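The values are calculated or read from the model by the stated rules, or taken from the named source; none is laboratory data. Source: prediction; values computed, not measured. Reconstructed Cβ throughout: ideal geometry from the backbone, glycine too, with neighbour counts over all protein chains shown. To get the accessible areas, we keep the full protein, side chains included, count just its heavy atoms, and leave off ligands, DNA and RNA. Shrake-Rupley method; radii C 1.70, N 1.55, O 1.52, S 1.80 Å.
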2 protein chains.
Amino acid sequence: MQSLARGLEVVRAFGAERPEMTLSEVAKATGLSRASARRFLLTLVELDYARTDGRLFSLTPRVLELGYAYLSGLSLTEVAQPHVEDLVARVHESSSVAVLDRADIVYVVRVPTKRIMTVAISVGTRFPAYATSMGRVLLAGLEQAEVEKLLARSDLAALTPLTTTDPDELLRVIAEVRSKGYAMTDQELEAGLRSLAVPIRDRRGKVIAAMNVSAQAPRVSMIQLEREFLAPLLEAAARIEADLPK
Amino acid sequence: MQSLARGLEVVRAFGAERPEMTLSEVAKATGLSRASARRFLLTLVELDYARTDGRLFSLTPRVLELGYAYLSGLSLTEVAQPHVEDLVARVHESSSVAVLDRADIVYVVRVPTKRIMTVAISVGTRFPAYATSMGRVLLAGLEQAEVEKLLARSDLAALTPLTTTDPDELLRVIAEVRSKGYAMTDQELEAGLRSLAVPIRDRRGKVIAAMNVSAQAPRVSMIQLEREFLAPLLEAAARIEADLPK
DNA sequence: CTAGGATGTTCGCAATGCGAACGAAAATGC
DNA sequence: GCATTTTCGTTCGCATTGCGAACATCCTAG
């Protein structure tokens, strides 16, 4: 059913650097003919997912309803949010919950304290799993073969000088996460950012999400991160697991 | 272009109370024939926006990318987030930014402190504009005729005993918001919740969003809300406006 | 003012996607 | 436990939707 596929592509074409596009720009960005792009855009406008002043097209807040359909169906977010808030109140550092989508992590709950990263994180933000503490926890929850397949497909770029990019080394780290029960990263995603993550499991023990605490490197050493935050983080994760339905 | 329209309907059919559905349930929820529902669902699975175990279908985190296309294009979120975080650090109450979509407000930035409402709010959450402080600020930013049209279309339900539901009274309140430059609500959306909101305007003076501070009724009186939080909130909004591009 | 290039729109044809009809599986009745 | 009804998932021929070549229109430059 290609119309749906193409239509969704059109929506996604409106990214960070192109909030507004003309018909032709959309056509170029999606690889569609201008005629097709026009039909999709007019339909999106008709449905109120997009606006146009006649020349420029842009998305409306209505598209958030689509993502919201997922989030509100995910009882995890509802259950986790108060516990993430409590943890933040307790440790005074930012905390989040993320799930895995292929080789990316996707934030589903986020409670920031002070600004910590250069890039703003919100619900829906994605990062490559291999370079994040939550990602490694989530990968550790998969079958070994699955992990290897995902890593093989990813291009393991060095996002900072400290990023682990060697596949074998990553597999070793993930194995360690699996045995220890938590993951720590030291400025592997962004300089100055340290993070500690633990898994959230369903009743059958399957890892369904990860929860983290992140802190600024100058303020918190790796040893502090583990000593001060691991226990509260594990407790918060346990409370979330206890509240999960079924 | 009905395929796109119907496909998006299918995505939205997965709401809070139906995270998982069978083919027939989806058909019933959307009004499509079972055959059509099947084609859309299989396409969504193919595109990785949905999963299935053969019988039950559910959405994947990938659908968040669609909403994210909107959010990341909205420079407002990026600009506003650090200022909202600063405000929360300063006043120790939850703060948010929302935009208007027809007669609803939609949260685009949210920084919670302690749990304040029974229902979890996240980016993408919607509430009827008429019953919220941010909604009234946003309505006050529209043409009078537009406001009247929107209110006429809404069914003004009493969400709490204190909700203003009389259309004429609401128009009066909105006029007052327009002249005062801010809106306050006292437990009109949910019992125990008070909220104060101010507009965020673009360079041309057009109201593009609203920013609020909300607090629990037992802890903060309406007078306190105004005395203690109005100035910091106005300052934060002004800083956001100053940072807006162009 | 005219030529060239790019953007937006129309329209006939073909492929996509529609739903009636079919088969399979579960629920109900006896 | 078997027959019957109801519900669910799937197939397939036909009509409609959506495709893109071709046309029209708007800028830009010389």
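Summary of values
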item	result
Lone unmet requirement of (1) surrounded by 21 or more Cβ atoms within 10 Å (Cβ to Cβ); (2) within 16 Å of DNA strand C (Cβ to nearest atom); (3) within 7 Å of chain A (Cβ to nearest Cβ) for B:ARG62	(2)
B:GLU188 vs. criteria open to solvent by less than 70 Å² (accessible area, probe 1.4 Å), at pLDDT 95 or above, in contact with a helix residue (DSSP H, G or I) (Cβ under 9 Å, 6 or more places away or on another chain) and among the charged types (D, E, K, R)	yes
Test for A:PHE14: is it more than 10 Å from DNA strand C (Cβ to nearest atom), crowded, with 18+ Cβ neighbours inside 10 Å, of a type outside the set (A, V, I, L, M) and without any contact (Cβ under 8 Å) to a residue 40 or more places away in the chain	no
Single unsatisfied condition, A:MET21 versus (1) within 12 Å of DNA strand C (Cβ to nearest atom); (2) closer than 16 Å to B:LEU4 by Cβ; (3) crowded, with 19+ Cβ neighbours inside 10 Å	(2)
Candidate set from region B:1-29 (those that are closer than 16 Å to B:THR43 by Cα and among the basic types (Lys, Arg)); member that is nearest to the other protein chains (Cβ to nearest Cβ)	B:ARG12
Which listed residue, of B:ARG90, B:ARG102, is within 30 Å of B:GLU65 (Cα to Cα), within 14 Å of chain A (Cβ to nearest Cβ) and either over 17 Å from the mean Cα position of the chain (by Cα) or of a type outside the set (Val, Ile, Thr) (or both)	B:ARG102
Evaluation of A:GLU9 against (1) assigned to a helix (DSSP H, G or I); (2) within 30 Å of A:LEU142 (Cα to Cα); (3) away from DNA strand C (no atom under 16 Å from the Cβ); (4) in contact with a helix residue (DSSP H, G or I) (Cβ under 9 Å, 6 or more places away or on another chain) (one fails), failing number	(3)
Residue within region A:213-231 that is aliphatic (A, V, I, L, M) and closer than 20 Å to A:ASP101 by Cα present	no
Residue check for A:PHE57: in the same structural domain as A:SER24 (by TED's automatic domain parsing) and under 28 Å from A:GLU9 (Cα atoms)	yes
Selected residue [open to solvent by 10 Å² or more (accessible area, probe 1.4 Å), farther than 20 Å from A:TYR49 by Cα and assigned by TED's automatic domain parsing to the domain that holds B:GLU226] from B:GLU176, B:GLU146	B:GLU176
Subset of region A:30-44 (residues that are open to solvent by 10 Å² or more (accessible area, probe 1.4 Å), more than 11 Å from DNA strand C (Cβ to nearest atom) and within 11 Å of another protein chain (Cβ to nearest Cβ))	A:THR43
Yes/no for B:LEU142 being under 15 Å from B:ARG102 (Cβ atoms) and either polar (S, T, N, Q) or modelled with pLDDT of 95 or more (or both)	yes
All positions within region B:206-242 that are among the charged types (D, E, K, R) and within 18 Å of B:GLY192 (Cα to Cα)	B:ARG219, B:GLU226
Check on B:TYR49, among the aromatic types (Phe, Trp, Tyr) and either open to solvent by 40 Å² or more (accessible area, probe 1.4 Å) or more than 18 Å from the chain's Cα centre (by Cα) (or both)	yes
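The rows are residues; the columns are (1) in contact with a strand residue (DSSP E or B) (Cβ under 8 Å, 6 or more places away or on another chain); (2) away from DNA strand D (no atom under 15 Å from the Cβ); (3) more than 27 Å from B:VAL123 (Cβ to Cβ).
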{"site": "B:GLY7", "(1), (2), (3)": "no, no, no"}
{"site": "B:VAL11", "(1), (2), (3)": "yes, yes, no"}
{"site": "B:LYS28", "(1), (2), (3)": "no, no, yes"}
{"site": "B:ARG38", "(1), (2), (3)": "no, no, yes"}
{"site": "B:ASP53", "(1), (2), (3)": "no, no, yes"}
{"site": "B:LEU64", "(1), (2), (3)": "yes, yes, no"}
{"site": "B:LEU71", "(1), (2), (3)": "yes, yes, no"}
